[in-house]
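Undergrad: Quick one: this structure, given as structure tokens, is what I'll be asking you about.
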Amino acid sequence: FGSCLAGLAIREKNPTPIRCAIMSLGVLALTVALGALGAVLRWLIGLFLNPLGRSRLAIALVNIAGSALGGGLLAFPHQELTLALTAGLCAGLTTFSTLALQLISVEGAPPARARVMLAFVHVAAGIGSCFIAYSLVSLAL
């Protein structure tokens, strides 16, 4: 509660741990709701692209978009809202587990070289989009 109390002390004369606990529960509830929203968005993107034979594209799209969104949010100074959006929306939107499933060797999977390239693209594009979004938002602020 230390950072919460310090932040409230700037705005209020006598912040209390109870007030911080209530704020923390609010941030937790917002994080859970945003996580659900991110998961539904990921599901809808998959629902649209998977029938077109683009399941790998769907996973790449959500992982790269979620990484970019997280990078952009990181540049904002509002820590509680940023935490809720990154730990909720971005985490719900992105999916490492599905990527991992796409990378294991199963019947009908692409050759090993293609799977290694897929892993590289996810990592490079995810980190790259995060860095670019952070840089652009930082410049704009």
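The values are calculated or read from the model by the stated rules, or taken from the named source; none is laboratory data. All values reported here derive from a predicted model rather than from experimental measurement. Cβ placement follows ideal geometry from the backbone for every residue including glycine, while neighbour counts extend to all protein chains displayed. Areas reflect the complete protein model, heavy atoms only, side chains present, ligands, DNA and RNA absent. Shrake-Rupley method; radii C 1.70, N 1.55, O 1.52, S 1.80 Å.
Undergrad: Could you list, in sequence order, the residues of the stretch 71-102 that are open to solvent by 50 Å² or more (accessible area, probe 1.4 Å) and farther than 17 Å from residue 137 by Cα?
TA: 80, 87, 91, 96, 97, 101
Undergrad: Does residue 83 fit the bill of being aliphatic (A, V, I, L, M), at pLDDT 85 or above and either assigned to a helix (DSSP H, G or I) or more than 23 Å from residue 39 (Cα to Cα) (or both)?
TA: It is false that residue 83 is aliphatic (A, V, I, L, M), at pLDDT 85 or above and either assigned to a helix (DSSP H, G or I) or more than 23 Å from residue 39 (Cα to Cα) (or both).
Undergrad: Continuing with the same structure: Does the stretch 104-137 hold any residues that are open to solvent by 50 Å² or more (accessible area, probe 1.4 Å) and in a helix (DSSP H, G or I), and which are they?
TA: 112, 113, 116, 117, 120, 121, 123, 127, 131, 132, 134, 136
Undergrad: Restricting attention to the stretch 37-70, report how many residues are open to solvent by less than 30 Å² (accessible area, probe 1.4 Å), free of Cβ contacts under 8 Å to residues at least 24 places away in the same chain and not small (Gly, Ala, Ser).
TA: 1
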